[in-house]
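J.: Before I ask anything, here is the structure I am working with.
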Amino acid sequence: MSRAEIDRLRTEADTIFTRIETVTDALERARNESGDHWETGELTLALETPTGDEIEVTLDLDRDAAENAQRRYERASELEDKLEEREAVAGELAQVPPEPLAFLICYHLKDVKGDYPRSMAGHLNADREQTAETCTELEDGGVIERIESGMLKRRDVKLKRALETHQHHTYYRLSREGDHLLRFLDEREGKENFLRWIEDARTLARRLSRGGPDSRG
């Protein structure tokens, strides 16, 4: 749940409506052709957005073009309502999932400058799949950002157990928004929001204060 996801859904809906004849024709052809789309019930289509960018839209074969767009508008509205509820409780922390792992990842990336999910899971003693999923959520919220492994310089990455970067891993680093968020947590208001928002906040705070995000205690 993030502003980026809400914007994406609305962009897809706008695109479907502005390319409604193209979408209608593609759905009709797919319904009369054999292919993998019958196994999933979905059709992925590359479309040009109203602003001239190209995106891929996954369409429900059982719905017409207008219904596919309308479902996205409805979902975007639902997510926006939920996000506004979260923001009322968490303030600036609303873009971060209310899970200890999300904050551990942010503090870990602040310390090491760049890392990939599998490595993060090892440092944080966390489940690999959950770490990867949480990274995706944080990226959607704009708190962390991807960085090409080739752009990472060894001297800039402060991992104790890593002597070199790996070309085939997806690396993340803290974004400017994420850095701002961690500075906000140093303030009184940030600490109060943290205690209201995060699950088992006091245990997490003790872990961070005793040995940092990589501490097992």
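The values are calculated or read from the model by the stated rules, or taken from the named source; none is laboratory data. Predicted, not measured: the structure shown is a model, and the values here were computed from it. FYI the Cβ positions are ideal-geometry reconstructions off the backbone, even for glycines, and counts take in every protein chain you see. Keep in mind that these areas ignore ligands, DNA and RNA; they rest on the heavy atoms of the full protein, side chains included. Shrake-Rupley method; radii C 1.70, N 1.55, O 1.52, S 1.80 Å.
J.: So what is the accessible area of region 1-157 per residue, in Å², with the probe set to 1.4 Å? Kindly include the intermediate steps, with their values, before the conclusion.
T.: Working: 8540 Å² over 157 residues.
Normalised by residue count, the accessible surface of region 1-157 is 54 Å².
J.: I've got another one for you. Output wanted: per-residue J couplings in Hz (rounded whole) for region 132-143, from phi through Karplus 6.51 cos²θ - 1.76 cosθ + 1.60, θ = phi - 60°, x for Gly and Pro.
T.: Once θ is set to phi - 60°, the couplings for region 132-143 become 5, 5, 5, 4, 4, 5, 5, 5, 4, x, x, 7 Hz.
J.: With just the Cα atoms defining each centre, how far is region 112-132 from region 59-106? Give it in Å.
T.: 24
J.: Let me ask you something else. Looking at the calculated P(r) for region 1-132, what percent of the C-alpha pair distances fall above 20 Å? Walk me through the intermediate numbers first.
T.: Details: 5225 of 8646 pairs.
Of the Cα pairs, 60 percent sit more than 20 Å apart.
J.: Another question about this same structure. Excluding residues on the same chain fewer than 8 positions from K82, give the aspartates and glutamates whose Cα lies under 14 Å from its Cα.
T.: E5, E74
J.: Still on this structure, please answer the following. Using the Cα centre as the reference, give the magnitude of the dipole from point charges on the C-beta atoms of region 1-150 (Lys, Arg: +1; Asp, Glu: -1; all else neutral), rounded to the nearest 20 debye. Numbers along the way, then the final one.
T.: Values: 17 positive and 38 negative charges, 91 e Å.
My answer is approximately 440 debye.
J.: Around D60, with a cut-off of 9 angstrom between Cβ atoms, what is the net charge of the other residues, counting Lys and Arg +1 and Asp and Glu -1?
T.: Details: positive: R63, R71; negative: E42, D62, E67.
Once all neighbours under 9 Å are counted, the net charge is -1.
J.: Obtain the radius of gyration and the Kirkwood radius of region 61-121 from its C-alpha atoms and give Rg over Rh.
T.: Details: Rg = 17.5 Å, Rh = 14.6 Å.
Value, to two decimals: 1.20.
J.: How much accessible area does H169 have with a 1.4 Å probe, in Å² rounded to the nearest 10?
T.: Spelled out: H169, probe radius 1.4 Å, area about 60 Å².
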